[in-house]
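Below is one structure, written out as structure tokens, with a few remarks after it.
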Amino acid sequence: MKIFRNGLFTGLALQVAIGPVFFYIINITLQKTILNGLVGALAVAIIDFSYVSLAILGIGKILENEKIKRVFGIISSIILVIFGLIIIKGITNIDISNKIIGSVSLLSSFVSVLFLTISNPITIVLYTGILGVKEIEKNYTQRELFVFGFGIGMATFIFMSTSVILFSLIKENIPVLLIQIMNLIVGCLLIGYGGIRLRKVFKNIIN
């Protein structure tokens, strides 16, 4: 239990670094339903669980290879830009009466968040570093590392789902214009983040 708690607190500390996925899930919550937001939170947690497991199994070391890192960098950056463009394109489709963009299923919300989260495989490298430190510092066995990693994944779901619930409670008081502005901000954030990552990748290739 102590190991799980340690992983939980470590995971919550990592959530301080709010990224594009967080804003994307909040965007889904404001435009659709609380369930859409929660399945999005579940998708992020699943990917975190998977990345932690892969890190424990040593896959993170593979991503430290420069060529592989560049390929993943290009693909993931393009995915971010595409998601950003889709969000901006959908701004004019917001229904004034119910503030929902179309009729999007829970499955599509889950899959879209899943792909967006997968677009940052370098997270495995981060988890590899954290787990490596804990293995040395605490002398954790592989089983204990999995328990620690489970705590990290749970922290992700707790943080994301709590945020979804809080925003779902106030969304009825949020005007459509504000949602459209948030769409624009989230879209630009994803495009900008993807563009910066692409620039870094190509800059490293040139150098």
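The values are calculated or read from the model by the stated rules, or taken from the named source; none is laboratory data. Because the structure is predicted, anything quoted here is derived from the model rather than measured. Cβ: placed from backbone, ideal geometry, glycine included. Neighbour counts: every protein chain shown. These accessible areas exclude ligands, DNA and RNA; they are computed on the full protein's heavy atoms, side chains included. Shrake-Rupley method; radii C 1.70, N 1.55, O 1.52, S 1.80 Å.
A few comments on the model shown:
- Looking across the range 1-47 at every residue that is under 26 Å from Leu145 (Cα atoms) and part of a loop (DSSP other than H, G, I, E, B), the one that is most open to solvent (accessible area, probe 1.4 Å) is identified as Met1.
- With respect to being modelled with pLDDT under 75 and in contact with a Phe, Trp or Tyr (Cβ under 8 Å, 6 or more places away or on another chain), Pro175 falls outside the description.
- Comparison of Ile82, Ile96, Ile100, Ile87 shows that the only residue that is over 28 Å from Leu145 (Cβ atoms), modelled with pLDDT under 80, in contact with a strand residue (DSSP E or B) (Cβ under 9 Å, 6 or more places away or on another chain) and among the aliphatic types (A, V, I, L, M) is Ile100.
- Pairs meeting the criteria (first residue in the range 170-198 and at positive phi and surrounded by fewer than 13 Cβ atoms within 10 Å (Cβ to Cβ), second residue assigned to a helix (DSSP H, G or I) and modelled with pLDDT of 75 or more, beta carbons under 9 Å, at least 6 apart or on different chains) are lacking.
- Out of Thr162, Thr156, one residue alone is touching a residue at least 12 places away in the same chain (Cβ under 8 Å) and under 18 Å from Val21 (Cα atoms). It is Thr156.
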